[in-house]
Amino acid sequence: MSSLQIKKNYRCVPSLQQFYSGGPFAVSSDGSFIACANGDAIKILDSSNASIKANIEVDTDAGLTALALDPNDRFLFSAGHSRLIRVWDLSTFKCIRSWKGHDGPVMSMACHASGGLLATAGADRKVLVWDVDGGFCTHYFKGHKDVVTSIMFHPDTNKTLLFSGSADATVRVWDLLAKKCIATLERHFSALTSMAVSEDGWTLLTAGRDKVVNLWDLHDYVCKMTIPTYEVLEGLCVVKSGTELASFLGSCNQQSGKRRDGSSSIYFVTVGERGIVRIWDSACGVSLYEQKSSDVAVSSDTDDSLRGFTAAVILPLDQGLLCVTVDHHFLFYSLLGHPEEKFKLILNKRLVGYNEEILDMRFLGEEEKFLAVATNLEQVQVYDMESMSCSYVLAGHTEIVLCLDTCVSSSGRPLLATGSKDNSVRLWNSESRNCIGVGTGHMGGVGAVAFSKKGKNFFVSGSSDRTIKVWSLDGISDDADQPINLKAKAVVAAHDKDINSLAIAPNDSLVCSGSQDRTACVWRLPDLVSVVVLKGHKRGIWSVEFSPVDQCVITASGDKTIKMWAIADGSCLKTFEGHTSSVLRASFLTRGSQFVSCGADGLVKLWTVKTNECTATYDQHEDKVWALAIGKKTEMFATGGGDAVVNLWYDSTASDKEEAFRKEEEGVLRGQELENAVLDADYIKAIQIAFELHRPNKLFELFAELCRKKEGSSQIEKALHVLGKEEIHQLFQYVREWNTKPKLCHVAQYVLFGVFNILPPTEILEIKGIGELLEGLIPYSQRHLSRIDRLLRSTFLLDYTLHGMSVIEPDTNATEMKGADQEQELTSELLKEKAPSKKRKSNKSKDSSSKKVKGAAYTSVAPISLET
């Protein structure tokens with residue numbers, strides 16, 4: 001067996017991020033990206049791989065209500081509850097213009113095909129048209145009696161018409177040249193939700209919540225047809241001729257019955273509350289295509305869950321149909337030929353915009369290429385690990401899915417078990433995407449499920465009814481079309497409060513349960529006989545797991561600790577402390593020698609069991625981390641929580657070690673180059689290498705050496721000329737540190753003088769953070785100046801003393817002699833003033849001094865020159 005490689009670091013890759021929280025969105029003209037409203041921000045989403053290209057932060061509490069793109073995708077227009085209309089440049093993602101428009105929130109906006117005009121519809125019942133370049137209002141229309149919900153320019157630039165739909169169930173047609181309303185279309189009985197114009201430009205289609213589509217003749221503005229759809233409509237779009245969809249519909253229409261009149265057909269798509277896509281023919285007023293099933297379809301009239309579509313857009317360049325669901329999913333449909341139906345809409349991509357909260361997740365399959373995620377929905381989302389797009393959805397539960405677990409059956413099929421708030425457990429075959437078993441009997445929500453580790457022939461479930469059930473998988477076929485009722489082999493009333501977690505031992509002999517009653521219990525399988533009760537936590541237990549190699553269990557609790565217990569006697573072996581809030585998950589790594597934990601503090605921690613130490617701490621979540629999934633093969637892991645973000649973590653210990661070794665090797669080579677440059681007296685090159693290697697001590701030695709040279713100032717200037725702004729900033733940091741120490745301040749001031757001589761003040765001010773650095777330099781520089789000033793004044797006293805002792809000879813320079821004469825006159829005057837008071841003492845001292853001078857040894861010393 002190979003030795004264990006202890007993991008020291010993990011690299012985080014944010015794989016699933018929220019980008020759409022409902023509300024407005026705008027699709028680019030080529031379908032390459034989508035601008036989505038996400039709270040108070042705008043996310044620019046790459047529609048091919050769900051990656052976020054840009055994040056545009058809008059003011060807090062802006063509450064985005066409308067988005068629009070110009071025809072060339074150069075500008076993005078946004079509006080919200082703040083009543084400000086903003087124009088964003090998509091090349092720099094900066095706001096280039098903003099103005100206040102309506103007296104209430106802007107509910108919808110549309111850009112003219114020329115890109116020069118922007119129309120906005122407001123909750124203040126007004127319709128305004130703005131000049132995009134100037135930001136001023138060109139048209140002011142008033143007439144609606146309720147909130148204006150939708151607005152649209154006529155797609156033909158030669159027709160100066162503007163259409164607005166309102167909650168007063170009317171559509172108004174505005175003439176931009178005449179600046180007045182030329183028609184009011186009254187045929188709906190509820191709020192307007194969507195409008196579209198036919199390809200020839202002479203038919204207006206309107207849809208509303210009154211479950212009908214009206215077709216209006218734009219010659220005389222009369223309703224020429226009303227098509228009942230029998231569902232509340234939220235989106236309507238016209239199919240253009242020449243597209244793949246139009247050709248399929250044309251072939252279907254040739255085989256259909258007789259038309260109502262001889263008018264040409266207008267094909268249009270409708271979506272609404274039923275959650276299905278339907279395609280209609282205006283000539284015969286019937287549906288040519290209707291989706292038979294959809295995972296967002298409402299199952300019954302009494303189903304009041306979040307289902308159905310909110311919008312539909314036909315993507316350009318035959319890229320298919322985009323539908324947006326109530327629960328913030330972007331569904332991309334493409335056409336596929338079908339022998340029975342001529343064609344069929346196939347869901348080829350699903351982008352999940354917002355999950356609110358991730359409750360549990362597990363890797364799926366032998367190769368672990370998929371990730372099953374339980375969110376606050378009644379469906380389980382399965383993501384492809386490569387693209388992190390939602391591959392498919394497992395629908396069947398009627399309430400929120402609280403927990404899940406995965407395994408690979410003895411026949412090699414990947415299985416999935418889920419527990420829900422609807423008091424049931426379900427068994428899924430992820431290959432066929434069907435539910436193959438349903439287990440009922442719990443009297444409360446099922447909060448924990450766990451598969452057998454060895455035999456793969458049973459799983460256990462724990463519920464808020466405080467019971468544990470063992471479900472047998474015998475007799476279940478992986479290819480079953482209809483789910484069968486699962487049978488419970490054993491049941492036990494396990495705890496006094498809700499059961500939060502279950503874990504099965506590697507040999508399938510034991511199962512451990514963790515509960516809110518602050519205890520963990522170990523039970524013998526398959527008859528669920530109590531083995532030992534683990535007591536010691538002060539709060540409820542959120543997670544339990546068996547060690548893969550030792551006879552022990554770890555438990556994570558709400559008391560901020562993780563404990564390791566011996567199964568034999570139930571004693572606590574170790575306690576791990578470090579989290580600042582409840583620990584929600586803990587799972588083993590590295591054959592049981594390490595484990596990873598996550599908690600309500602948003603932290604992910606890596607622990608080493610032997611040393612009881614936290615090896616690493618990661619803060620990549622903004623909310624509680626509820627879910628933790630460990631990969632069995634690669635030991636990568638995934639975390640998710642209340643911030644709706646899924647992070648993938650990869651072991652980077654080996655790569656970090658290689659990178660550190662490479663940097664060390666490169667540092668040794670560069671260090672040798674530095675020493676060679678110093679020996680060759682190539683100070684410019686040496687200073688550059690010292691900057692690269694971040695060696696401030698060596699840099700100080702180089703500058704100090706240059707200070708002692710006569711031509712040092714010129715070489716310092718040459719070296720400073722080569723430095724960039726970042727290196728200048730780094731140099732200022734070094735100088736600030738040197739300047740605080742009296743022994744090093746002379747070199748610091750010398751370098752500072754060189755920098756100020758070379759760089760003009762304007763360039764210095766452009767350096768990032770220069771203000772803070774100068775604030776640190778100024779006080780110490782003033783202190784050094786005052787100290788040197790005191791030293792300079794002290795030298796005058798020394799000069800006077802040496803002159804008085806006749807130790808130094810006067811300078812021959814006339815100016816200096818003049819200064820010396822003035823100084824002597826000044827001193828003689830001072831002596832005359834002091835002479836009368838101390839006459840006797842001075843005489844005695846004079847005699848004694850003369851005697852001392854005669855016998856003094858230093859009288860023969862030659863005078864010292866001032867120059868020396």
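The values are calculated or read from the model by the stated rules, or taken from the named source; none is laboratory data. Bear in mind that the values here come from a model prediction, so they are computed numbers and not experimental data. Note that we place each Cβ from the backbone using ideal geometry, even for glycine, and neighbour counts take in every protein chain shown. Remember, those area values only see protein heavy atoms, side chains included, never the ligands or the DNA or RNA. Shrake-Rupley method; radii C 1.70, N 1.55, O 1.52, S 1.80 Å.
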Magnitude of the Cβ-charge dipole (Lys and Arg +1, Asp and Glu -1) of the range 620-705 about the Cα centre, nearest 20 debye, reported as 360
In the range 54-113, the chymotrypsin sites (Phe, Trp or Tyr not before Pro) that sit in a DSSP loop and have at most 15 other Cβ atoms within 10 Å of their own Cβ are Phe93
Tilt, helix 712-722 to longest principal axis of the chain (alpha-carbon atoms), in degrees rounded to tens, equals 10
Taking 0.36 nm per residue of separation between Glu775 and Glu726 and subtracting their Cα-Cα distance, the length gained on full extension comes to 15.8 nm
Taking 0.36 nm per residue of separation between Thr617 and Leu336 and subtracting their Cα-Cα distance, the length gained on full extension comes to 96.2 nm
Looks like the range 95-162, by Cα gyration tensor root eigenvalues a ≥ b ≥ c and the a/c under 1.5 rounded cutoff (else prolate when a/b is bigger than b/c, oblate otherwise), is oblate
Extension length gain for Val529 and Asp481 (0.36 nm per residue less Cα distance), in nm, is 13.7 nm
Between Glu577 and Ser293, the two model label points (7 Å from Cα along the beta-carbon direction) sit apart by a distance in nm of 5.6
For Val532, the net charge from surrounding residues (Cβ-Cβ under 11 Å; K, R +1; D, E -1) works out to +1
In degrees, nearest 10, the alpha-carbon axis of helix 745-758 is tilted away from the dominant principal axis of the alpha carbons of the chain by 60
Given the candidates Gly63, Ala41, Val127, the one whose Cα lies deepest towards the positive end of the charge dipole of the range 1-132, counting +1 at each Lys or Arg C-beta and -1 at each Asp or Glu C-beta, is Ala41
If amide H atoms are modeled at 1.01 Å from N in the peptide plane, then the residues at a separation of 5 or more from Gln379, or on another chain, having amide H under 5 Å from its own are Val401
The chain accessible area per residue, 1.4 Å probe, protein heavy atoms, integer Å², reads 49
Taking r as the C-beta separation of Ala41 and Asp384 and R0 as 30 Å, the FRET efficiency to the nearest 0.05 is 0.70
Note, the range 152-169: 3J(HN,Hα) by Karplus (6.51, -1.76, 1.60, θ = phi - 60°), whole Hz, Gly/Pro = x, goes 7, 7, 5, x, 7, 5, 6, 9, 8, 10, 10, 10, 9, x, 10, 6, 7, 6
The long-range amide H neighbours of Thr467, using H built 1.01 Å from N in the peptide plane and a cut-off of under 5 Å, are Ala494
The range 415-488 and the range 190-250 have their Cα centres apart by a whole-number Å value of 47
One finds, for Ser432 and Phe136 with R0 = 56 angstrom and r their Cβ-Cβ distance, a FRET efficiency to the nearest 0.05 of 0.35
Mean separation of Cα contacts under 8 Å (at least 6 apart) over the residue count of the chain, i.e. the relative contact order in percent, is 6
Treating only Lys and Arg (+1) and Asp and Glu (-1) as charged, each at its beta carbon, one finds that the chain has a dipole about its Cα centre, in Debye to the nearest 20, of 3000
Longest principal axis of the chain (C-alpha) makes with the long axis of helix 839-855 (C-alpha) an angle, in degrees to the nearest 10, of 80
Projecting the Cα atoms of Val553, Gly642, Ser806 onto the charge dipole of the chain, where Lys and Arg contribute +1 and Asp and Glu -1 at Cβ, the residue farthest towards the positive end is Ser806
FRET efficiency for Leu744 and Arg670 from the Cβ-Cβ distance with R0 = 41 Å, rounded to 0.05, comes out at 0.95
Among Lys369/Lys454; Lys8/Lys469; Lys563/Lys633; Lys100/Lys725; Lys535/Lys605; Lys7/Lys725, the pairs whose Cα-Cα distance exceeds 29 Å are Lys8/Lys469; Lys100/Lys725; Lys7/Lys725
Along the dipole axis of the chain (charges at Cβ: +1 for Lys and Arg, -1 for Asp and Glu; origin at the Cα centre), the most positive-end residue among His112, Cys323, Phe19 is Phe19
Options (1) 112, 67, 56; (2) 143, 89, 55; (3) 113, 68, 53 are given for Cα extents along the principal axes in Å, and the computed one is (2)
Treating only Lys and Arg (+1) and Asp and Glu (-1) as charged, each at its beta carbon, one finds that the range 430-473 has a dipole about its Cα centre, in Debye to the nearest 20, of 180
Lys and Arg at +1, Asp and Glu at -1: neighbours of Ala719 with Cβ under 11 Å from its Cβ sum to -1
Among the range 6-50, those whose backbone N falls under 11 Å of a label point 7 Å along Cα→Cβ from Ser655 are 10-13
Note: probe point = Cα of Lys180 + 7 Å toward Cβ; backbone nitrogen < 18 Å; residues of the range 132-161 passing the test are 139-144, 160-161
For the range 24-119, listing trypsin sites (Lys or Arg not before Pro) in a DSSP loop whose Cβ sees at most 13 other Cβ atoms within 10 Å gives Arg74
From DSSP H assignment alone, runs of 4+ in the chain each adding -39500 (n - 2.57), the sum over residues rounded to the nearest 500 puts [θ] at 222 nm at -7000 deg cm²/dmol
Heavy-atom accessible area of the chain with neighbours in place, 1.4 angstrom probe: carbon+sulfur share in percent works out to 50
